[in-house]
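Have a look at the structure below before the remarks.
The values are calculated or read from the model by the stated rules, or taken from the named source; none is laboratory data. Keep in mind that what you see is a predicted model, and the values were worked out from it rather than measured. Ideal geometry is used to build each Cβ from the backbone, glycine not excepted, and the neighbour counts take in all protein chains shown.
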Amino acid sequence: MGGQVSEEACLKIPKVSVVLTTYNRAPLLDQTVQTILSQTFEDFELVISDDASRDGTEGLCRDYERRDPRVRYRRGLKNVGMPGNLNAGIEASSAEYIANLHDGDLYEPTLLEKWAAALDACPRAAFVFNAYRAIDANRRTVRIYREPFGPCFAGSVLLEEVFFRRWGFDSPVWGTVMGRRSAYFAVGLFDPRFGFVADVDMWLRLAERFDVAYVPEPLIALPSPEAVPRIWGGAERLTKRQLERMFWEARMRHYRDRPIRRFGEAIRHYSFVAASRGWSLACRVKRKMRF
């Protein structure tokens with residue numbers, strides 16, 4: 001478990017490509033890489049996709065690349081943001097199963113094993129995701145995010161019963177999943193129009209055409225903002241507008257052959273937009289009144 005893999009074994013195409021996106025988080029990257037290389041499932045390559053970091057990321061990754069033949073490091077020539085960096089990592093990978101992972105998160109040793117098993121058991125699934133554990137600065141669990149899904153279900157269920165019923169335009173699927181290469185390229189890679197939340201658009205597009213797999217265990221720990229500062233803060237309004245746009249496109253796409261339902265969903269969408277913007281405005285006013 002988690003042992004060294006021979007160089008000969010890495011010449012063949014592995015079952016899983018782990019694409020780890022990173023940017024200017026060298027102090028956190030080491031522990032993340034260690035949790036990946038210590039996985040119980042060993043038939044994988046680790047592609048670290050660096051979005052032109054300016055800290056010590058390259059030196060750290062080159063060292064891992066020298067020590068473990070499963071590790072491949074690619075560095076972008078310039079900073080292109082999350083969608084472009086992730087797309088470049090996917091294009092540099094080789095396996096049919098692609099795990100999208102982020103720097104700063106912590107992964108259970110069985111993550112890849114259980115993700116791969118879930119996709120094996122659900123052959124029409126485009127991707128698998130899981131429950132998430134939020135932890136504080138002392139790594140104590142403060143919340144478990146778990147959804148009431150079975151191990152394999154139709155993507156239309158995720159769209160109609162979950163995504164399209166959330167007035168806040170939030171997603172039960174976070175940015176860390178294992179997807180099928182064939183599904184990604186069937187719908188097109190991550191759309192740069194949607195910036196840091198382009199992953200949500202991807203899940204909407206994949207759920208339109210494929211099934212989805214789910215593991216109800218909290219296999220990923222999400223550190224607190226104090227431990228892992230968010231590098232995309234300060235653009236809340238832009239992010240909200242991007243989410244509104246992608247949800248509108250997803251609704252219109254999903255109901256394109258049902259005009260009456262499509263009209264009803266258009267009304268629902270704009271009522272959600274009004275509710276979400278009103279809530280955001282009320283929160284901003286409340287924050288200002290405190291000071």
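Scanning the stretch 128-158 for residues that are in a strand (DSSP E or B) and touching a helix residue (DSSP H, G or I) at 6+ places or on another chain (Cβ under 6 Å) yields a total of 1.
Among the residues making up the stretch 144-201, those that are in contact with a Lys or Arg (Cβ under 8 Å, 6 or more places away or on another chain), aliphatic (A, V, I, L, M) and under 20 Å from residue 82 (Cβ atoms) are 183, 187. For the stretch 83-124, the candidate set comprises residues that are out of contact with any helix residue (DSSP H, G or I) (no Cβ under 6 Å at 6 or more places or on another chain), aliphatic (A, V, I, L, M) and assigned to a strand (DSSP E or B); within that set, the residue that is nearest to residue 179 (Cα to Cα) is 99.
Selection of the stretch 117-139 for residues being surrounded by 20 or more Cβ atoms within 10 Å (Cβ to Cβ) and of a type in the set (Asp, Glu) yields an empty set.
Out of 170, 191, one residue alone is modelled with pLDDT of 95 or more and on the phi < 0 side of the Ramachandran plot. It is 191.
Just to be sure, is residue 50 farther than 29 Å from residue 218 by Cβ and acidic (Asp, Glu)? Considered against the rule, which asks whether it is farther than 29 Å from residue 218 by Cβ and acidic (Asp, Glu), residue 50 comes out as no.
Every listed requirement among (1) among the acidic types (Asp, Glu); (2) touching a residue at least 24 places away in the same chain (Cβ under 8 Å); (3) farther than 15 Å from residue 106 by Cβ is met by residue 136 save one, (3).
Only residues that are hydrophobic (A, V, I, L, M, F, W, C) and under 26 Å from the mean Cα position of the chain (by Cα) were counted in the stretch 254-278, giving 2. Within the stretch 250-270, the residues that satisfy the criterion of being part of a helix (DSSP H, G or I) and free of Cβ contacts under 8 Å to residues at least 40 places away in the same chain are 252, 259, 260, 261, 262, 263, 264, 266, 267, 269, 270. For the stretch 167-210, a tally of residues being of a type in the set (Phe, Trp, Tyr) and either touching an Asp or Glu at 6+ places or on another chain (Cβ under 9 Å) or outside any helix (DSSP H, G or I) (or both) returns 6. A count restricted to the stretch 177-227 and to residues that are of a type in the set (Asp, Glu), over 21 Å from residue 155 (Cα atoms) and either under 16 Å from the mean Cα position of the chain (by Cα) or buried (at least 23 other Cβ atoms within 10 Å of the Cβ) (or both) stands at 0. Among residues of the stretch 146-172 that are under 20 Å from residue 242 (Cβ atoms), those with a beta-carbon under 6 Å from a residue that is part of a helix (DSSP H, G or I) and among the β-branched types (Val, Ile, Thr) at least six positions away or on a different chain give the pairs 171/200.
Out of 63, 51, one residue alone is among the acidic types (Asp, Glu) and buried (at least 21 other Cβ atoms within 10 Å of the Cβ). It is 51. Selection within the stretch 90-107: residues that are among the acidic types (Asp, Glu) and buried (at least 18 other Cβ atoms within 10 Å of the Cβ). The member of this set that is farthest from residue 29 (Cα to Cα) is 105.
The residues in the stretch 66-89 that are in contact with a strand residue (DSSP E or B) (Cβ under 7 Å, 6 or more places away or on another chain) and either surrounded by fewer than 21 Cβ atoms within 10 Å (Cβ to Cβ) or modelled with pLDDT of 95 or more (or both) can be counted, and the count is 11.
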